[in-house]
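Following: one structure in structure tokens, then a few remarks.
The values are calculated or read from the model by the stated rules, or taken from the named source; none is laboratory data. Nothing here was measured: the structure is a model prediction, and the numbers come from that model. Cβ placement follows ideal geometry from the backbone for every residue including glycine, while neighbour counts extend to all protein chains displayed. Note: accessible area is taken over every heavy atom of the protein model, side chains too, but ligands, DNA and RNA are not part of it. Shrake-Rupley method; radii C 1.70, N 1.55, O 1.52, S 1.80 Å.
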Amino acid sequence: MMDPLLVRSAVAAVGVVVSLLVVYQAYRGYLRNGSRAMRALAVGIALLGTVHFLLLLPGGTSQELDLGLSILRQVVDVVGLAVVFYALTRS
């Protein structure tokens, strides 16, 4: 049987790579068009994808650490969604 922490880390690592590819494409769109909305979209996706998955990697055994990281991930997700909302409504 596979170690759950190893599986969680592998999935998080793949999530980081995929989200970085999406952020890169959005950033290229920003450079091509100079659109502030596209730049905001790149930042929002970076928060929702890259940062969220990076915060999954340190998964410790302490319940306080897990709770703190869980709250931090939720805050990052809310901020990321707010930035994406801004990008979509200001375009």
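Laid out as a table, the results:
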item	result
From A37, A26, residue being part of a helix (DSSP H, G or I), without any contact (Cβ under 8 Å) to a residue 24 or more places away in the chain and open to solvent by less than 90 Å² (accessible area, probe 1.4 Å)	A26
Failed condition for A82, given (1) touching a helix residue (DSSP H, G or I) at 6+ places or on another chain (Cβ under 6 Å); (2) at pLDDT 95 or above; (3) of a type outside the set (S, T, N, Q)	(1)
